[in-house]
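One structure, as structure tokens, below. Some questions next.
No lab work stands behind these numbers, since they all come straight from the coordinates. Computed from a prediction, not measured in an experiment: that's the story for all the values here. Glycine gets a Cβ as well: all are built from the backbone with ideal geometry, and neighbour counts include every protein chain shown.
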Amino acid sequence: MKKIYSCELIMKTELCRGVYDYVVKAPEISELAEIGQFLHINCGGKTLLRRPISICDFGEGFVRFAFQVKGEGTTELAKREVGDMIDIMGPLGHGFKTTEGEKAVVIGGGIGVFPVLGLARRKNTAVFLGFRNKDMVVMEDDFKEACDNVTICTDDGSYGYDGFAIAAMGEYLLENKADIIYCCGPKPMLKAVKQIAEHMNIPCQLSLEERMGCGIGACLTCVCKTTGTGMAEHKQVCTCGPVFDAKEVVL
Ligand SMILES: Cc1cc2nc3c(=O)[nH]c(=O)nc-3n(C[C@H](O)[C@H](O)[C@H](O)COP(=O)(O)OP(=O)(O)OC[C@H]3O[C@@H](n4cnc5c(N)ncnc54)[C@H](O)[C@@H]3O)c2cc1C
Ligand code: FES
């Protein structure tokens, strides 16, 4: 099935320095989208390969994504203005698998907070978001609107909880039961969350980030190591993930 669409940019906001929040008109994508899936975006300029960006939110006819300017692709993407058309492939990959009625803990770090916004809207959810400092805190209002139990953490203590989101989550889990942990963030956060989940025997799903080429399982740029053997020892993050059961991946 064709999954490439030309989508009009209908809202553009700079959330903090170099971090942009885009809303595009994308009825075909929003109809199929699931929390945790991603878009593969042709950023324009001289870039040949698309760049993967998570779906942050979606609704009737629109998809929202947010990104930090890192290199050539995201620099080009940040130049787009409202009314411009953006070439987007998606939705791609497998998102978070949720269960009705579960008591969930959601933890995100840095740009990893974007794909977990949809999870924050579910009942019985506690959310922990980690940022380097106060200036880098983004989408606080969106998360607080979505959920009444949100802890914002900063590594340097300049805002909210003073310390890593993992520490805040750990303290919470000592006092509260959780049926599942969902996480998206930098590798050290994923590793720590996986360890805590294993130690406390709580099921856990992690959203992984690897550099990508094709985004559709053909080039093997994005493989991650898994606990499987033989051919199953490595899996493509683009098609088998980006969300994996924590027990399945080796970090
Ligand atoms: C499934 C998935 C979802 C993502 N969702 C988001 C999102 O919602 N918002 C967002 O800001 N970013 C997200 N990313 C990361 C984003 O794809 C990269 O930042 C982007 O591709 C960089 O492209 P560039 O051309 O600007 O930079 P490049 O010139 O390609 O790279 C600039 C720097 O970023 C590093 N880099 C590039 N790609 C990755 C990657 N995948 N993981 C770690 N480091 C990388 C490079 O090593 C280099 O140091 C996601 C990545 C994946 C795989
Ligand atoms: S990006 Fe090509 S196989 Fe995943």
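If you count, for each residue, the other Cβ atoms within 10 Å and average over each peptide, how do 192-199, 115-122 line up from highest to lowest?
Values: 192-199: 18.4, 115-122: 23.1.
Going from most to least packed, we get 115-122, 192-199.
Could I ask something else about it? Among the GluC sites (Glu not before Pro) in segment 45-90, which ones are in a DSSP loop with at most 15 other Cβ atoms within 10 Å of the Cβ? Mind listing them?
Working: sites: Glu60, Glu72, Glu76, Glu81; in loops: Glu60, Glu81.
Answer in residue order: Glu60, Glu81.
Further question on the same structure: Given charges of +1 on the Cβ of Lys and Arg and -1 on the Cβ of Asp and Glu, with all other atoms neutral, how large is the dipole of segment 4-92 about its Cα centre, in debye to the nearest 20? It would help to have the intermediate numbers written out before the result.
Details: 10 positive and 13 negative charges, 84 e Å.
Charge dipole of segment 4-92: 400 debye, to the nearest 20.
Report the percentage of all Cα-Cα pairs in segment 104-248 whose separation exceeds 25 Å, rounded to a whole percent. Don't jump to the answer; show the numbers that get you there.
Values: 2988 of 10440 pairs.
That fraction is 29 percent.
Select from Met85, Ala146, Gly59 the residue farthest towards the positive end of the dipole of the chain; place +1 on Cβ of Lys and Arg, -1 on Cβ of Asp and Glu, and compute about the Cα centre.
Positive-most Cα among the choices belongs to Met85.
Oh, and also: Take the Cα gyration tensor of the chain, multiply each eigenvalue by 5, square-root it, and list the three semi-axes largest first, rounded to whole angstrom. Could you put the intermediate results ahead of the total?
Details: eigenvalues 153, 98, 55 Å².
Whole-Å semi-axes of the equivalent ellipsoid: 28, 22, 17.
In whole angstrom, and with the biggest value first, how far do the Cα coordinates of segment 212-251 range along each principal axis?
Between the extreme Cα coordinates on each principal axis of segment 212-251 lie 26, 21, 13 Å.
Can you give the helix-only mean residue ellipticity at 222 nm for the chain, where every DSSP H stretch with n ≥ 4 adds -39500 (n - 2.57) and the sum goes over all residues, rounded to the nearest 500 deg cm²/dmol?
Numbers: 7 runs with 51 residues, N = 251.
Estimated from H runs of four or more residues: -5000 deg cm²/dmol.
If you don't mind, there's one more thing I want to ask. In angstroms, what radius of gyration and Dmax does segment 117-200 have, counting Cα atoms only?
Rg and Dmax of segment 117-200, Cα atoms, are 12.3, 33 Å.
Return the sequence-ordered ³J(HN,Hα) values of segment 144-154 in whole Hz as given by the Karplus equation 6.51 cos²θ - 1.76 cosθ + 1.60 applied to θ = phi - 60°, using x for Gly and Pro.
3J(HN,Hα) across segment 144-154, in whole Hz: 6, 6, 6, 8, 8, 10, 10, 10, 8, 10, 10.
Please quote Rg/Rh for segment 35-146 to two decimal places, taking the Kirkwood radius as Rh and restricting both calculations to Cα atoms.
0.99
Restricting things to alpha carbons, find the Rg to Rh ratio for segment 4-92 using the Kirkwood radius for Rh. It would help to have the intermediate numbers written out before the result.
Numbers: Rg = 11.7 Å, Rh = 12.7 Å.
Taking Rh as the inverse mean 1/r over Cα pairs, Rg/Rh reads 0.92.
While we're looking at this one, here's another question. Using a simple spin-label model with points 7 Å from Cα along the Cα→Cβ vector, what separation in nm is obtained for Lys46 and Thr229?
4.9 nm
How high is the relative contact order of the chain? Use alpha-carbon pairs under 8 Å, at least six apart in sequence, and give a whole percent.
Values: 580 pairs, mean separation 42.0, N = 251.
Reported as a whole number, the value is 17 percent.
Something else about it: So what's the gap between the Cα centers of segment 192-215 and segment 24-87, to the nearest angstrom?
23 Å
So, one more: Hey, got a sec? Which chymotrypsin sites (Phe, Trp or Tyr not before Pro) in segment 161-251 land in a DSSP loop and have at most 11 other Cβ atoms within 10 Å? Kindly include the intermediate steps, with their values, before the conclusion.
Details: sites: Tyr161, Phe164, Tyr172, Tyr182, Phe244; in loops: Phe164.
Counting only loop positions with at most 11 other Cβ atoms within 10 Å, none of the chymotrypsin sites (Phe, Trp or Tyr not before Pro) in segment 161-251 qualifies.
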